[in-house]
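Trainee: Structure below; questions to follow.
Derivation of every value follows stated rules applied to the coordinates shown; laboratory data play no part. Just so we're clear, the structure is a prediction, and the values are computed from it rather than from any experiment. Ideal geometry is used to build each Cβ from the backbone, glycine not excepted, and the neighbour counts take in all protein chains shown.
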Amino acid sequence: MIDKISFLLIEGFRNLWRHKLTASTSIFSVFLTLFLIGILIIVGQNSHYPIEYFRSKYKIEVFFNNDTSDAQEKIIIEKIRELPEVRSVTPITKKDAVRIFKDQFGEDVVKMLGYNPLPGSAVVNINKDSFEQVNLEPLIEEIQSLNGVDIVRYQGRLISRLERFYQMMINLLKISTGMILLVSIVVISNTIKLTIYTCRELIKTLQLLGATKMFIKVPFILEGIFQSIIGASLAFFTIFGLMKVGNHYLPQLVTLRIQLDLYFGIGLLIISVVIGFIGSYRAVSKFL
C-alpha cells in the first residue's frame with residue numbers, strides 16, 4: 001500500500017517536472033487567482049478600520065428653533081439617542097454657542113446685540129461598526145421631522161461617495177476573482193490534457209498490465225493539485241511580503257496596520273487544492 005502511494009506521488013511530481021513549461025502557465029494562473037482572493041480576504045478582514053475612520057468624520061448638526069427651551073431640547077436629544085443608527089449625541093446649549101462664537105470670531109455676540117441670537121444645537125455621531133454602506137438620508141429625515149428641530153446639516157456626502165466607490169470596487173474584485181477562478185480551472189484542465197496526451201504510451205502499458213482506472217488517474221490529479229499548491233505558495237509569500245512593506249510605510253501616513261488572520265495561509269491552501277482537484281479531475285474524467 002505504501003509502495004503504491006509512493007509511486008503515485010512520485011509520478012505526480014515527475015509529470016509536473018516533465019511538463020514544467022506548460023505547468024508554469026497553470027501555476028501562474030493559480031497564483032493570480034489566489035493573489036486576488038487573498039487580497040479580497042485581507043480587504044474584508046481590515047476594511048472596518050478605514051470604514052470606521054471615514055465614518056468618524058461624519059458630522060450631522062442639528063439646530064433647534066430659537067423658541068425651543070432647554071428642557072425641550074433635552075427631550076429632542078433623548079429621542080435622537082434612541083434611534084438605532086445613532087451612537088452618541090453631543091448637546092450644544094445656547095450658552096455654549098455664544099462661547100464657541102467668541103472663540104472663533106473673538107466677539108461677544110450678546111454684548112454686540114443685547115441678546116443671544118444663537119440657537120441650541122447638537123452634534124450626532126452614527127454607529128461605525130457596520131461593514132455595509134450607511135444610508136443616512138432616512139436618519140436625517142427622521143431627525144428633521146422632530147418637533148422643535150429647525151435645520152439638519154450633514155457634511156458627509158463626500159464620504160458617502162467614497163463608501164459607494166469602495167463597495168463598487170469590492171464587488172468588481174469579487175466578480176473578477178470568480179472569472180479568473182474559472183479560467184484557472186480550465187487552464188489546469190488543459191495542462192493535464194496535454195500531459196495525458198504525451199503519456200499515452202505509458203497509459204496503454206499500465207492498462208495492459210492490469211492497472212485500474214483510478215490508479216492511472218491519480219498521478220494526473222496529483223499533478224494538478226501540486227501545480228495549485230505551488231501557485232498558492234507563491235501567492236501567500238507575495239501577499240505576506242506586500243503586507244510587511246505596507247505595515248512599514250502605512251504608519252507614517254495613517255494610523256493603520258494591516259492585520260493578517262492566522263488561518264489565511266490554510267485558507268489559500270484549501271482553495272488551491274480544490275482548484276487543482278477540479279481542474280485535473282475534469283481532464284482525466286473526459287480523456288481517461
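Trainee: Estimate the FRET efficiency between Tyr166 and Asn247 by the formula 1/(1 + (r/R0)^6), using the beta-carbon distance for r and 25 Å for R0, to the nearest 0.05.
Mentor: Efficiency, rounded to the nearest 0.05: 0.75.
Trainee: Please order Glu85, Glu107, Glu73 by the number of other Cβ within 10 Å, starting at the fewest.
Mentor: In increasing order of surrounding Cβ atoms, one gets Glu107, Glu85, Glu73.
Trainee: When the chain is fully extended, how far beyond the present Cα-Cα distance does Lys59 get from Ile100, taking 0.36 nm per residue of separation?
Mentor: Difference between extended and current length: 13.1 nm.
Trainee: Which number comes out as Rg/Rh for the stretch 58-155 once both Rg and the Kirkwood Rh are worked out on C-alpha atoms?
Mentor: Using Cα coordinates only, the ratio equals 1.02.
Trainee: While we're on this one: How many nm separate the modelled label positions at Ile270 and Arg81, each set 7 Å beyond the Cα in the direction of the Cβ?
Mentor: Roughly 4.4 nm, to one decimal.
Trainee: Please give the peptides 276-286, 161-171 ranked by average Cβ packing (other Cβ atoms within 10 Å per residue), highest first, as a rough proxy for protection.
Mentor: 276-286, 161-171
Trainee: Going by how many other beta carbons lie within 10 Å of each one, how would you line up Val187, Val245, Val109, fewest first?
Mentor: Going from sparsest to densest Cβ surroundings: Val245, Val109, Val187.
Trainee: Follow-up question, since we're still on this one. What is the distance, in nm, between label points placed 7 Å from the Cα along the Cα-to-Cβ direction at Thr90 and at Tyr263?
Mentor: 4.0 nm
Trainee: Determine the relative contact order of the stretch 58-155: mean sequence separation of Cα pairs under 8 Å and six or more apart, normalised by residue count, in whole percent.
Mentor: Relative contact order of the stretch 58-155: 48 percent.
Trainee: Let me ask you something else. How do Ile175, Ile76, Ile100 rank when sorted from fewest to most other Cβ atoms within 10 Å of their own Cβ?
Mentor: Ascending number of Cβ neighbours within 10 Å: Ile175, Ile100, Ile76.
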